Amino acid sequence: MEKIIGLYLILINGIGFCIMGWDKHQAKVHGRRIAEKNLFFISIIGGSIGSWLGMYYFHHKTKHWHFVLGMPLILLIQIGIVYSWFFLF
């Protein structure tokens, strides 16, 4: 089970990183963008580290306060949930 969770997290964080890059590319070429709610959704379902890293690697959404505060907040909440799950239950 741990391997499946690990593979899922690697995959979803890779997706989070890539969609930040893709959305940045689409912004530059005036193409079809990814909705902000979808960027946050990927982060919420486990891709917060990849999304956050992609945000700064591609310099994308770094001037939007809801991303600058939201992505690390989602990550902190996820860390708190994992900590609670393993150490408090």
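The values are calculated or read from the model by the stated rules, or taken from the named source; none is laboratory data. Model, not experiment: these values are computed from the prediction. Cβ: placed from backbone, ideal geometry, glycine included. Neighbour counts: every protein chain shown. Each accessible area value is taken on the protein alone, full model and side chains, heavy atoms only, with ligands, DNA and RNA left out. Shrake-Rupley method; radii C 1.70, N 1.55, O 1.52, S 1.80 Å.
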The residue from 39, 9 that alone is in contact with an Asp or Glu (Cβ under 8 Å, 6 or more places away or on another chain) and surrounded by 11 or more Cβ atoms within 10 Å (Cβ to Cβ) is 39
May I ask you to list pairs of residues, at least six apart or on different chains, whose Cβ atoms are under 7 Å apart, with the first in the stretch 66-89 being without any contact (Cβ under 8 Å) to a residue 60 or more places away in the chain and the second being surrounded by 10 or more Cβ atoms within 10 Å (Cβ to Cβ) and of a type in the set (Val, Ile, Thr)?
68/62; 74/44; 75/49
Is it the case, given these coordinates, that residue 15 is assigned to a helix (DSSP H, G or I), open to solvent by 80 Å² or more (accessible area, probe 1.4 Å) and either touching a residue at least 12 places away in the same chain (Cβ under 8 Å) or not basic (Lys, Arg) (or both)?
no
Give the stretch 61-81 a look and list any residue that's outside any loop (DSSP other than H, G, I, E, B), over 27 Å from residue 7 (Cα atoms) and open to solvent by less than 90 Å² (accessible area, probe 1.4 Å), or say none.
66
It is to be established whether one or more residues within the stretch 21-36 are surrounded by 18 or more Cβ atoms within 10 Å (Cβ to Cβ) and in contact with a Leu (Cβ under 8 Å, 6 or more places away or on another chain).
yes
Given the condition in contact (Cβ under 8 Å) with a residue 12 or more places away in the chain, part of a loop (DSSP other than H, G, I, E, B), open to solvent by 40 Å² or more (accessible area, probe 1.4 Å) and not polar (S, T, N, Q), answer yes or no: does some residue in the stretch 45-60 qualify?
yes
